[in-house]
1. Given the criteria touching a strand residue (DSSP E or B) at 6+ places or on another chain (Cβ under 9 Å) and part of a helix (DSSP H, G or I), does Gly161 qualify?
2. Just the residues that are closer than 12 Å to Phe69 by Cβ and open to solvent by less than 30 Å² (accessible area, probe 1.4 Å), please, taken from the stretch 171-198.
3. Out of everything in the stretch 25-55 that is open to solvent by 50 Å² or more (accessible area, probe 1.4 Å), at pLDDT 95 or above and among the charged types (D, E, K, R), what residue ends up being nearest to Pro15 (Cα to Cα)?
4. Are any residues in the stretch 211-228 more than 18 Å from Arg197 (Cβ to Cβ) and hydroxyl-bearing (Ser, Thr, Tyr), and if so, which ones?
5. Give me the residue from the stretch 106-127 that is over 10 Å from Gly152 (Cβ atoms) and of a type in the set (Gly, Ala, Ser) and, out of that set, most open to solvent (accessible area, probe 1.4 Å).
6. Which of (1) more than 30 Å from Ala165 (Cβ to Cβ); (2) in a helix (DSSP H, G or I) does Ser64 not meet, given it meets every other one?
7. Name the residue, out of Thr107, Thr66, that is touching a Leu at 6+ places or on another chain (Cβ under 7 Å), touching a residue at least 12 places away in the same chain (Cβ under 8 Å) and hydroxyl-bearing (Ser, Thr, Tyr).
8. Just checking, how many residues over the stretch 199-223 are free of Cβ contacts under 8 Å to residues at least 24 places away in the same chain and either buried (at least 16 other Cβ atoms within 10 Å of the Cβ) or not in a loop (DSSP other than H, G, I, E, B) (or both)?
Amino acid sequence: GGAPAFGDLFDTVVPRQLEELGIPGAVVAVAADGEIAFARGYGVADLATSRPVDAERTLFRVASITKVFTWLAGLQLAERGRLDLRADVNTYLGDLRLPDTFAEPITFAHLMTHSAGLEDGFIGIAARSADEVVPLEVYLKRWRAPRVRPVGVVSAYSNYGGALAGRIVELAAGKPYDDVLEEGILRPLGMTRTTAREPLPPALAADLSASYEIGDGRRRRSPCVFANAR
């Protein structure tokens, strides 16, 4: 029934959930028919300053939402004939070549559906400072994920697979991943306050929500963790 009905619902439910779960703040947005039907911030973005969450300004870490952008970028490249979603990914990876552990090769379509049969792990996925963030190609070579099952057998979430797809996008497009996203997806959609760049561009950094860990019934500010892969 429109924005007022959404407001009545979320204004009742969200503050209660934030309180129950110990979450400082959140944004709720609803899209309908290609438009934003409702968007509202709840709680605070920083406990120390009580800066309120603003649906128009407050930023949250993009984290694994980058995978959605990676799949879209891959589909755009496929439309332009730059990427074959059903081809062996080794067609694009050069010296990053994956082993022929099983008869059927891994394709971009397998990466998109998390069915590539790759082992997943978290070692090396994060960095404690911006200086420790390594290029995507370096991360993928240093922490190679073994192929542990044939493709298309099991759907198992894979950060390595997502990162590998990001590298394929770079190679097929001939430009860095962040540039591919901005030029092909974010700018055309008017998403000027969305980015996968780390550290955040200065124009956006001040609006980033603080991060917290919950323990012993208390919320503690947690340090920013940079990502080598998402």
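The values are calculated or read from the model by the stated rules, or taken from the named source; none is laboratory data. Computed from a prediction, not measured in an experiment: that's the story for all the values here. Cβ placement follows ideal geometry from the backbone for every residue including glycine, while neighbour counts extend to all protein chains displayed. For accessibility, only protein heavy atoms count, side chains too; no ligands or nucleic acids. Shrake-Rupley method; radii C 1.70, N 1.55, O 1.52, S 1.80 Å.
1. Numbers: touching a strand residue (DSSP E or B) at 6+ places or on another chain (Cβ under 9 Å): yes; part of a helix (DSSP H, G or I): yes.
Against the criterion (touching a strand residue (DSSP E or B) at 6+ places or on another chain (Cβ under 9 Å) and part of a helix (DSSP H, G or I)), Gly161 qualifies.
2. Tyr177, Val180, Leu181, Gly184, Ile185, Leu186, Thr195, Ala196
3. In this case the residue turns out to be Arg40.
4. Tyr212, Ser222 - these are the residues of the stretch 211-228 that are more than 18 Å from Arg197 (Cβ to Cβ) and hydroxyl-bearing (Ser, Thr, Tyr).
5. Selected residue: Ala126.
6. The failed condition is (1).
7. Answer to the selection: Thr107.
8. Here the count works out to 7.
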